[in-house]
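The structure appears right after this line, and notes come after that.
The values are calculated or read from the model by the stated rules, or taken from the named source; none is laboratory data. Everything quoted here is computed from the prediction, not taken from an experiment. Because the Cβ atoms are built from the backbone with ideal geometry, glycine has one as well, and the counts that use them run over all protein chains shown.
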Amino acid sequence: MNTTNQHDKKLRIGVIGTGAIGVDHIRRCTHTLSGAEIVAVSDVNIDNAKKAVTPHNPNAKAYESGHDVINAENVDAVMVTSWGPTHAEYVLSAIKAGKFVFCEKPLATTIEDCDKIIQAEQAHGSRLVQVGFMRPYDKDYRALRKMIADGAIGTPLMVHAAHRNQNVGENYVTSMAIFDTLIHELDVLRWLLDDDYISAQVIFPRQTSHTHAKLRDPQIVLLETKSGVRIDVEVFVNCQYGYDIQCSVVGEKGIVSLPDPAAVALRSDAKLSTPILTDWKERFIDAYDIEIQEFIDGCKTGKIKGPSSWNGYVAAVAAEACVKAQETQAKEAISIPERPAMYK
Ligand code: NAP
């Protein structure tokens, strides 16, 4: 996008994939955020794409192919919100077209594809890709990070975390606990600690009766960082009671913990209770807004700042080790290469 005199113009975005999060981002770009409009969409089912965008912008064009969205002349920037295995193809196509692209996690489903994206972006010469890791935009994770950095708990020693979903569908299988779910912790915990992972191990406790034959649930993922911090993350995607994200960092002289989302307390029937969220879209709603606004503003100034392809790549390397650890039940090494200059 030509950045001169573009600040007052709306960023014209094309969205590829109009499922749950695609529709939510179309809504937020149109009604909540400023400086952008959705002008093009595509989905494997073009009728769904049309239906998704029409209430927000009846003039937006629906295309059969995501590549047509990317190459449309009136599209300044692209949002990839399709099924994970399709991300790499669209991100590479957007880089080729020289367009900024926001890609929902995961950046790609293999390390090789993440690597191709990093190579293509470096060949382009400047950052074009922002990956949809929104937790670093959450005010509570930010407060946690600042407290750790300010020395409030002394040197961090351990992290206890949990990622619980109420339930998942029959097509959610064991490895998705890593690629779809833990991937958020893999990104946010290394950012929180300013550290990198060196090993992963996965333990399968007694299985819940609410799972199915192709899903081991719950799982406990044990990670070790370069500085020796030990992390345990419980991934429990059929926990029944709600969508619940927990994180406590134990240091030499104290503990910092993520608070539960603010909720009205009810005193009634001799009980004091607060509701627990069930919809993931609500849990980090403010973080999604800040994340996408930052993408829009970055595109307009020609410089994007959010989680990069490198974050997507490192998360994929760690995720692949975790999946291997699921299979071997052994401790697997995580080896992260030197960070290229563009991502420092
Ligand atoms: P979803 O509801 O299944 O939506 C995906 C959409 O993409 C569906 O409409 C699907 O069509 C379509 N699609 C599949 N292949 C496509 C292709 N080749 N070209 C264009 N569209 C295609 O899934 P979702 O929950 O929105 O998730 C989408 C992505 O966002 C995933 O990568 C997911 O991990 C990520 N996500 C991120 C967060 C977050 O917290 N950051 C939260 C949720 C989701 P069909 O249904 O017909 O296959």
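Checking each residue in the stretch 69-98 for being surrounded by fewer than 20 Cβ atoms within 10 Å (Cβ to Cβ) and either among the aromatic types (Phe, Trp, Tyr) or touching a strand residue (DSSP E or B) at 6+ places or on another chain (Cβ under 7 Å) (or both) picks out 72, 74, 83. Take the stretch 98-125 and flag every residue that is farther than 19 Å from residue 11 by Cβ, outside any helix (DSSP H, G or I) and touching a residue at least 12 places away in the same chain (Cβ under 8 Å). Residues satisfying the conditions are 105, 106, 107, 108, 109, 110.
Listed here are the residues, each with its yes/no results for (1) closer than 30 Å to residue 155 by Cβ; (2) in contact with a Pro (Cβ under 6 Å, 6 or more places away or on another chain); (3) of a type in the set (A, V, I, L, M).
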{"position": "255", "(1), (2), (3)": "yes, no, yes"}
{"position": "271", "(1), (2), (3)": "no, no, no"}
{"position": "274", "(1), (2), (3)": "no, no, no"}
{"position": "283", "(1), (2), (3)": "yes, no, no"}
{"position": "290", "(1), (2), (3)": "yes, no, yes"}
{"position": "298", "(1), (2), (3)": "no, no, no"}
{"position": "306", "(1), (2), (3)": "yes, no, no"}
{"position": "311", "(1), (2), (3)": "yes, no, no"}
{"position": "314", "(1), (2), (3)": "yes, no, yes"}
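List pairs: first in the stretch 273-284 and closer than 15 Å to residue 239 by Cβ, second part of a helix (DSSP H, G or I) and within 14 Å of the ligand (Cβ to nearest atom), Cβ under 8 Å, 6+ apart or cross-chain? Matching pairs, first to second residue: 277/283.
For (1) under 18 Å from residue 11 (Cβ atoms); (2) in contact (Cβ under 8 Å) with a residue 12 or more places away in the chain; (3) not hydroxyl-bearing (Ser, Thr, Tyr), each residue gets a yes or a no:
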site	(1), (2), (3)
35	yes, yes, yes
40	yes, yes, yes
45	no, no, yes
73	yes, no, yes
76	yes, yes, yes
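Residues that are within 11 Å of the ligand (Cβ to nearest atom) and in a strand (DSSP E or B) do not occur anywhere in the stretch 17-39. Scan the stretch 285-303 and give yes if some residue there is in a loop (DSSP other than H, G, I, E, B), within 16 Å of the ligand (Cβ to nearest atom) and of a type in the set (Ser, Thr, Tyr), otherwise no. No, there is no match, as no residue in the stretch 285-303 is in a loop (DSSP other than H, G, I, E, B), within 16 Å of the ligand (Cβ to nearest atom) and of a type in the set (Ser, Thr, Tyr).
Consider the stretch 76-97 and keep the residues that are of a type in the set (A, V, I, L, M, F, W, C) and part of a helix (DSSP H, G or I). The one that is farthest from the ligand (Cβ to nearest atom) is 95.
Answer yes or no as to whether residue 4 is farther than 22 Å from residue 105 by Cα, modelled with pLDDT under 95, surrounded by fewer than 16 Cβ atoms within 10 Å (Cβ to Cβ) and out of contact with any helix residue (DSSP H, G or I) (no Cβ under 9 Å at 6 or more places or on another chain). Break it down into steps so the answer makes sense when it comes.
Details: farther than 22 Å from residue 105 by Cα: yes; modelled with pLDDT under 95: yes; surrounded by fewer than 16 Cβ atoms within 10 Å (Cβ to Cβ): yes; out of contact with any helix residue (DSSP H, G or I) (no Cβ under 9 Å at 6 or more places or on another chain): yes.
Yes; evaluated as a whole, the condition is true for this residue.
In the stretch 294-307, the residues that are β-branched (Val, Ile, Thr) form Cβ pairs under 8 Å with partners that are in a helix (DSSP H, G or I), at six or more places apart or across chains, as follows: 296/29; 304/294; 304/295; 304/298.
Here residue 184 does not qualify as within 13 Å of the ligand (Cβ to nearest atom) and touching a Leu at 6+ places or on another chain (Cβ under 7 Å).
How many residues are part of a loop (DSSP other than H, G, I, E, B) and out of contact with any Lys or Arg (no Cβ under 6 Å at 6 or more places or on another chain) if we restrict to the stretch 252-278? Adding up the residues that qualify gives 17.
The set of residues in the stretch 120-155 that are closer than 20 Å to residue 79 by Cα, within 16 Å of the ligand (Cβ to nearest atom) and of a type outside the set (A, V, I, L, M) comprises 130, 132, 133, 135, 136, 137.
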